[in-house]
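The values are calculated or read from the model by the stated rules, or taken from the named source; none is laboratory data. Since this is a predicted model, take the numbers as computed values, not measurements. Using ideal geometry, Cβ is built from the backbone for each residue, glycine included, and neighbour counts are taken over all protein chains shown. Ligands, DNA and RNA are excluded from the accessible area calculation, which covers all protein heavy atoms including side chains. Shrake-Rupley method; radii C 1.70, N 1.55, O 1.52, S 1.80 Å.
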Number of protein chains: 2
Amino acid sequence: MTYCLAIRLDEGIVFLSDTRTSAGVDNISTYRKLHVLRPAPDRAFVIQSAGNLATTQEVLDRINRDLAAGDGRETLATVDRLFEAALYLGRLSTEVVGSHRDALAGSGADGTATFILGGQIAGELPEIFLVYPEGNYIRASKTRPFLQIGETKFGKFWLELAVHPRVDLDVATKIAIGSMLSTARANLSVGPPFDLAVYRNDSLVFDEHRIEADSEYLAEIEDRFVRQLLDGLDELPAIPWSAG
Amino acid sequence: MTYCLAIRLDEGIVFLSDTRTSAGVDNISTYRKLHVLRPAPDRAFVIQSAGNLATTQEVLDRINRDLAAGDGRETLATVDRLFEAALYLGRLSTEVVGSHRDALAGSGADGTATFILGGQIAGELPEIFLVYPEGNYIRASKTRPFLQIGETKFGKFWLELAVHPRVDLDVATKIAIGSMLSTARANLSVGPPFDLAVYRNDSLVFDEHRIEADSEYLAEIEDRFVRQLLDGLDELPAIPWSAG
């Protein structure tokens, strides 16, 4: 499995993805699931992926082939709006799965993939989209400024409780790391290194950072989260009905 | 859906269950999923249930019918050990589902149920068991002193991070409430009132308490959890690679 999340704030966007892939517990690997693309000077995108690794790799290869073709076809460089980029990504995804459908059905494999696409085209507002395997999409909203794909349940409380659009990019990054750590701790199929990309509105560039498994900051932040949780328990009011 | 959890500590056991049942979002009800049984003076049990409501109700009715029969059949009053109580519960569960299998298959419904059974038989150690729909069981361990059924993912971090067997019953109760609130907040299919049962080793009685939706303590504890999470974010060390 996988855990990827994106948070859209007034100030910009935070993207965070794990890198663990598994085809059974005896076949664990590390693959990048967060990809930064800058297909033209007026635009910058992040694509995050969950689901079938072969599908996500072929989708990315097709994106790059389209960009290199230069024959007037639709590409991430030609779309005028971000939702068109989401639909383009959805179309490639359904085409890739469709091209392998018979073989996949024969082996009982699910070849589908789900994506988050976010970023900005100059002159447009920055946005994030969740692209379903069916090729359609939803976007984040002001009241629910985040999107998640993969193992979304374990770390949802961080986003529910702590995220709102006015949070700054550094606080949102900490929330994203908290959500990721809660997920990775509960679920072996999600794990470090974690890939982070932070986007400041209208910059058209991403601050990218890979958080390694042995990162001192990661260890410190995880230690603090645990201590805060335990200290918080001590500070809670006594249980009024307790017989103890 | 449902969320039930049980934590086995050196001092005793904490059980907590929600009460929301749903057969579609237009058919929401409140049903007790935590049942205290005292079938004989030398034993006390809690049974928590998740899954098909008709199955769990018929299983409980059969338990009581067996107890009333007095004809030498196996009952919760006759079993010598807790694992035998778990197997007895598992047998009833598979029998009930089996008796409705054809009709359930016809409508495509899943009639299965999963249970937690815990408590003590005098002379035995207190224990908690998770009883699968297949009728077999697992118990909690010293290193993983909790069991969950239903919507287990949203609140798992509380248990993973904060529970160990040396925690006292009041702290474990707060952890259980934290886990329940995180789940109910993320998932509409889990909701109050919450039923709590606390067992102190060798007492053979449960402290029972229903935490109502409008409980002041529940509101206060939820408010504190959120504030602690937000305050904690402020206290985290600065992100070393931040460009902000």
Quiz prompt | Accessible surface of the range A:3-235, 1.4 Å probe, proportion on carbon and sulfur as whole % | solution = 48
Quiz item: the range A:164-187 to the range A:45-65: how many Å between their Cα centroids?
Solution: 24
Exercise. Would you mind counting up the charge near residue B:135? Only other residues with Cβ under 10 Å from its Cβ, with Lys and Arg at +1 and Asp and Glu at -1.
Key: -1
Practice problem: Over the whole of A:99-107, what's the average partner chain Cβ count within 10 Å per residue? Rounded to a whole number, please. | Solution: 0
Self-check item: Calculated P(r) tail over 33 Å for the protein assembly as shown, as whole % of Cα pairs
Solution: 47
Exercise. Give, in whole angstrom and from largest to smallest, the semi-axes √(5λ) of the equivalent ellipsoid of the range A:83-150, with λ running over the eigenvalues of the Cα gyration tensor.
Key: 28, 13, 7
Quiz item: Tell me, which longest segment in chain A has none of the trypsin sites (Lys or Arg not before Pro) that fall in DSSP loops with at most 16 further Cβ atoms within 10 Å?
Solution: A:167-244
Quiz item: Ordering A:104, B:82, A:230 from largest to smallest accessible area (1.4 angstrom probe), what's the sequence?
Solution: A:230, A:104, B:82
Quiz item: Using a 1.4 angstrom probe with every protein chain in place, what is the largest-first accessible-area order of A:183, A:21, B:94?
Solution: B:94, A:21, A:183
Quiz item: Semi-axes of the equivalent ellipsoid of chain A: what are they in whole Å, largest first, if each equals the square root of 5 times a C-alpha gyration tensor eigenvalue?
Solution: 33, 23, 16
Quiz item: Taking each full run of DSSP H in chain B as one helix, which ones are at least 18 Å long along their axis (Cα atoms) and have mean Kyte-Doolittle hydropathy of at least 0.0?
Solution: B:82-99, B:169-186
Quiz item: Mean projection of the alpha-carbon convex hull of the range B:168-234 over all orientations, in nm²?
Solution: 5.4
Exercise. Give me a single rounded figure for A:159-165: the average over its residues of other chain Cβ atoms within 10 Å of their Cβ.
Key: 3
Quiz item: GluC sites (Glu not before Pro) within the range B:61-127: which are DSSP loop residues with at most 14 other Cβ atoms inside 10 Å?
Solution: B:74, B:124
Quiz item: Roughly what would the spin-label model give for residue B:227 and residue A:69, points 7 Å off Cα along C-beta, in nm?
Solution: 5.9
Quiz prompt | Peptide A:186-195, shielding by other chains (average Cβ, 10 Å cutoff) | solution = 1
Quiz item: With the other protein chains left in place, how much accessible area per residue, in square angstrom, belongs to chain A at a 1.4 angstrom probe?
Solution: 43
Quiz item: Of the lysine pairs in the protein assembly as shown, how many meet both conditions: Cα atoms under 15 Å apart, and a spacing of 8 or more in sequence or different chains?
Solution: 6
Quiz item: Size of the range A:118-164 along its principal axes in angstrom, Cα-based, largest extent first?
Solution: 35, 28, 14
Self-check item: Net charge dipole size for the range B:3-235 [Lys, Arg +1 and Asp, Glu -1 on Cβ; Debye, nearest 20]
Solution: 480
Quiz prompt | Helical contribution to [θ] at 222 nm, DSSP H n ≥ 4, -39,500 (n - 2.57), averaged over chain B, rounded to 500 | solution = -11500 deg cm²/dmol
Exercise. State, in square angstrom and to the nearest 100, the accessible area buried between chains A and B, both chains counted, probe radius 1.4 Å.
Key: 4200
Quiz item: Counting only protein chains, not ligands or nucleic acids, how are A:158, B:241 ordered by accessible area (probe 1.4 Å), most first?
Solution: B:241, A:158
